[in-house]
Amino acid sequence: MKFLPKILSACLLALPALICLLPAGQARAADNIEIDYVTSGFWAFARDVAIDGNHAYAVFPYGLKVFDITDPEAPLPAGELYLPGDGQDIFISGYYVYVADEYAGLQVIDVSDPTAPVLLGSCDTPDRALGVVVAGGYAYVADRSSGLQVIDISNPTAPSIVGNYDTPGTARGVDVSGDYAYVADGWDALQIVNIFDPTATSLAGSCSMPSLAYNVTVIGDYAYTACGTAGFAIVNISDPTSPTVVGSHDTPGILYDIKVSGDYAHVADYYGLRIFNISDPASPVLFGSYDLPESSEGLDVSGGYAWMACRDLAVIDISDLSAPTLAGSWLQPGYVWGIAVSDDLACLTQHQWVHEDRDALQVINISDPDLPVLAGRYETPSDIGDVDLSGTNCYLSEWSPANTFGVLDVSDPASPTQVGSYGPTSARELVVEGNYAYLVADNALKILDVSDPTAPALVGSYVPGYLFAEDIAVYGGYAYLTDWSGLLVIDVSNPSAPAPVATLDLGGQAYGLEVSDNLAYVTTVWFMSSTGGVAIVDVSDPSAPAMAASCEIFGYYPYDLDVQGSYAYVVGSGPDGLTIIDVADPSAPSVVASYFLPYATWYQDIEVLGDYVYIAQSSGFLFLRVPVGCCQGMRGDVDGDGDTDSDDLHYLVAYLHQGGPDPGCHEEADVNGDGEVTSKDISCLARYLNSKNNPCVPAQCP
């Protein structure tokens, strides 16, 4: 699991590298890789909400979620729909919901059955769709640097752009009244666009705002504008060609959204709900407020309640406007920090907003990855640092106040049970290989013997002076660590006496790490060149690691990766969240496919098993299918962990003779390539790993 750096050095030298550029969503023809959405869960970070009758419609980074609010104090999830972009704003008209889906433009959704929303059509926009309102058969979209886009929605299955007005700033929000569209245009304030003829728009007037304009609501002769750090402004628009600010009021935090009902303005402030009396537009007066634990980005007002999009969904009773109270909420635990997967289970670590001093391990049955089922959970008394899964044991590191390394038995996924622990220690990263757990903890590398899971014991440690490791991998008797200085190699062949053997400066900040086939793959950010990507290091001689190649992606900041077969799967922040790099020839890596992921969320961890990619990110978890063939390169990776080692031999013996689990890829288990999995494959793999007695070299995949 990767953590975002809190201090970024701007003094690192750029590393000359192979530039690997590919337009988003495209794949090199030779690889023909298709990436498909499978499922997602633990949705968090609600951006906006709209109420229609007994249902609330909230937009999240993953898509649309519908709530039954028959009882407003106990909203219940009723339906959801995955969307390809990063939902920002929502508008309801009749049986249709319109979502400004950032990179994916406008989405039109049929909600005639709220429990089963259906995507009818979409329309890509030139930039990022951030706001939407519908009027008179048209959707008006605030499209960031492309200004106002006018989309004909008379045929909801095929919406199309028919007009636009390129505002001077960054269009973030929009409302329509009569023949005019009012655009919250970022630093260039409020722009009023004549839309009498939607296909031939023109500027009618504009008005400067006290700060960046996020959103706008128009009622009668006034436009109420959410102005970020400056609160809100009230603009007289009785003459749209000459708008004038007549009143304003600051709020404690950043103000993102505003709704007006009668003589009162309800605003979504960073700290929660604020209610203002605006009967005198020149002198708005704070009338009531309710603070929330998380940032509020959107709201709607209906039936005596304010519905707040604040990470999740909060319902505020405003029957007494001067003293609003929390009536109900729908809460998800919060950030997903890390993920570890096996054939049938995924263990996710998740921060809980509800209990700020507790995290939880979520155990998910993924025997059918298309239909994951939450099997059980284990609540910890403190934050979880990292997670690994080996056999039926899940290994956790807990931070303050517990500061322990814990072993959980998940053989019964419904009842995860702690069976052992070691502490005090505060591990940032951990990995379990064989009978040992390797921890980056307390400014040191610590090695624990976990052959008896009920009694983990410290056997060795190495203190380098200062160690802020982002990731750790163990391969061939060596521990490889990434930190701010690059790659660190430590000899752990004698676990009781780990010893440093080499370091390599990668010219940037190193994050994720995978080591296989004498190569270390490191996700790296090269600050001087504003790029990130993967550095490939030759570690055939661990005492002298050497750069072999690199693959940079402009504007991309990678956090973690997993290498399986001929591909490196990289997750990060940028135009493409998931990037797949062909590393069949390590001296010439190249980007072959990418998949958009919500830009504003944090991507912490990635695991690849078979045809599935499992991603942990701040707004939930995401499963993707990437069918590239289960056998890549040389056969023998029976357990599918990316390496051919003794674990594969044990897996194959257990499968053939002890009733063990079926290999996920029979091509890999067919070590000698004769078309069947038999004891001959055990013999071949054993001789290969022993490198003696006429070794059998595993066959190449087709």
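The values are calculated or read from the model by the stated rules, or taken from the named source; none is laboratory data. Quick caveat, the model's predicted, so the values are computed rather than measured. Cβ sites come from the backbone with ideal geometry, for glycine too, and all protein chains shown count toward neighbours. Surface areas here come from the heavy atoms of the whole protein model, side chains and all, with no ligands, DNA or RNA. Shrake-Rupley method; radii C 1.70, N 1.55, O 1.52, S 1.80 Å.
Looking only at residues in segment 450-470 that are open to solvent by 40 Å² or more (accessible area, probe 1.4 Å) and part of a strand (DSSP E or B), the one that is farthest from ASN494 (Cα to Cα) is ALA457.
Please list, ordered by first then second residue, the pairs with beta carbon atoms under 6 Å, 6 or more apart or interchain, first in segment 156-178 and in contact (Cβ under 8 Å) with a residue 40 or more places away in the chain and open to solvent by 50 Å² or more (accessible area, probe 1.4 Å), second of a type in the set (Ser, Thr, Tyr) and in a loop (DSSP other than H, G, I, E, B). From segment 156-178, the pairs are ARG172/TYR214.
Just checking, does segment 224-237 include any residue being part of a strand (DSSP E or B), open to solvent by 10 Å² or more (accessible area, probe 1.4 Å) and either at pLDDT below 95 or under 18 Å from VAL267 (Cα atoms) (or both)? Yes, because at least one residue in segment 224-237 is part of a strand (DSSP E or B), open to solvent by 10 Å² or more (accessible area, probe 1.4 Å) and either at pLDDT below 95 or under 18 Å from VAL267 (Cα atoms) (or both). For ASN518, the test of being open to solvent by 10 Å² or more (accessible area, probe 1.4 Å), under 26 Å from LEU389 (Cα atoms) and in contact with a Ser or Thr (Cβ under 6 Å, 6 or more places away or on another chain) is passed.
Given the criteria surrounded by fewer than 19 Cβ atoms within 10 Å (Cβ to Cβ) and among the polar types (S, T, N, Q), does THR404 qualify? Against the criterion (surrounded by fewer than 19 Cβ atoms within 10 Å (Cβ to Cβ) and among the polar types (S, T, N, Q)), THR404 does not qualify.
The C-beta contact set for segment 301-322 (first residue under 19 Å from ILE254 (Cα atoms), second residue open to solvent by less than 40 Å² (accessible area, probe 1.4 Å) and of a type in the set (Lys, Arg), distance under 6 angstrom, 6+ apart or interchain) comprises ALA309/ARG47. Summed over segment 546-565, the residues that are under 29 Å from GLU668 (Cα atoms), over 17 Å from the mean Cα position of the chain (by Cα) and at pLDDT 85 or above give a count of 6.
Out of all the residues in segment 199-222, which are open to solvent by less than 60 Å² (accessible area, probe 1.4 Å), more than 28 Å from ILE153 (Cα to Cα) and either among the small types (Gly, Ala, Ser) or under 31 Å from the mean Cα position of the chain (by Cα) (or both)? SER211, LEU212 - these are the residues of segment 199-222 that are open to solvent by less than 60 Å² (accessible area, probe 1.4 Å), more than 28 Å from ILE153 (Cα to Cα) and either among the small types (Gly, Ala, Ser) or under 31 Å from the mean Cα position of the chain (by Cα) (or both). Within segment 274-300, the set of residues being surrounded by fewer than 21 Cβ atoms within 10 Å (Cβ to Cβ), touching a residue at least 24 places away in the same chain (Cβ under 8 Å) and of a type in the set (Gly, Ala, Ser) comprises ALA282, SER283, GLY288, SER289, SER295. Contact map, segment 560-573: first residue closer than 20 Å to ASP483 by Cβ and touching a residue at least 60 places away in the same chain (Cβ under 8 Å), second residue open to solvent by less than 10 Å² (accessible area, probe 1.4 Å) and outside any strand (DSSP E or B), Cβ cut-off under 6 Å, separation 6 or more or different chains; pairs are ASP560/LYS2. Can you name every residue in segment 651-700 that is part of a helix (DSSP H, G or I), open to solvent by less than 30 Å² (accessible area, probe 1.4 Å) and of a type in the set (Asp, Glu)? GLU668, ASP681 - these are the residues of segment 651-700 that are part of a helix (DSSP H, G or I), open to solvent by less than 30 Å² (accessible area, probe 1.4 Å) and of a type in the set (Asp, Glu). Residues that are closer than 30 Å to ALA58 by Cα, at pLDDT 85 or above and within 25 Å of the chain's Cα centre (by Cα) number at least 2 in the following strands (runs of 3 or more DSSP E) confined to segment 291-405: 298-302, 305-310, 312-317, 325-330, 336-341, 345-351, 359-365, 373-380. Residue-level check: of (1) open to solvent by 40 Å² or more (accessible area, probe 1.4 Å); (2) touching a Leu at 6+ places or on another chain (Cβ under 9 Å); (3) closer than 29 Å to ASP86 by Cβ, SER540 misses just (3).
In this structure, is ASP643 touching a Pro at 6+ places or on another chain (Cβ under 9 Å), in contact (Cβ under 8 Å) with a residue 24 or more places away in the chain, assigned to a loop (DSSP other than H, G, I, E, B) and under 25 Å from CYS347 (Cβ atoms)? Judged against the criteria, ASP643 is not a match.
Table: residues versus (1) surrounded by 19 or more Cβ atoms within 10 Å (Cβ to Cβ); (2) basic (Lys, Arg); (3) farther than 15 Å from PRO627 by Cβ.
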{"residue": "ASP562", "(1), (2), (3)": "yes, no, yes"}
{"residue": "GLY572", "(1), (2), (3)": "yes, no, yes"}
{"residue": "ASP576", "(1), (2), (3)": "yes, no, yes"}
{"residue": "ILE580", "(1), (2), (3)": "yes, no, no"}
{"residue": "SER587", "(1), (2), (3)": "no, no, yes"}
{"residue": "VAL592", "(1), (2), (3)": "yes, no, no"}
{"residue": "TYR595", "(1), (2), (3)": "yes, no, no"}
{"residue": "ILE606", "(1), (2), (3)": "yes, no, yes"}
{"residue": "VAL613", "(1), (2), (3)": "yes, no, no"}
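If you go through segment 179-198 and keep only what is over 12 Å from VAL235 (Cβ atoms), within 33 Å of the chain's Cα centre (by Cα) and assigned to a loop (DSSP other than H, G, I, E, B), you end up with ASP185, TRP187, ASP188.
Evaluation of ASP471 against the conditions (1) more than 15 Å from ALA340 (Cβ to Cβ); (2) among the acidic types (Asp, Glu); (3) under 27 Å from the mean Cα position of the chain (by Cα) shows that the sole unmet condition is (1). The residue list ASP648, ASP639, ASP643 contains one member that is open to solvent by 10 Å² or more (accessible area, probe 1.4 Å), of a type in the set (D, E, K, R) and out of contact with any strand residue (DSSP E or B) (no Cβ under 6 Å at 6 or more places or on another chain), which is ASP639.
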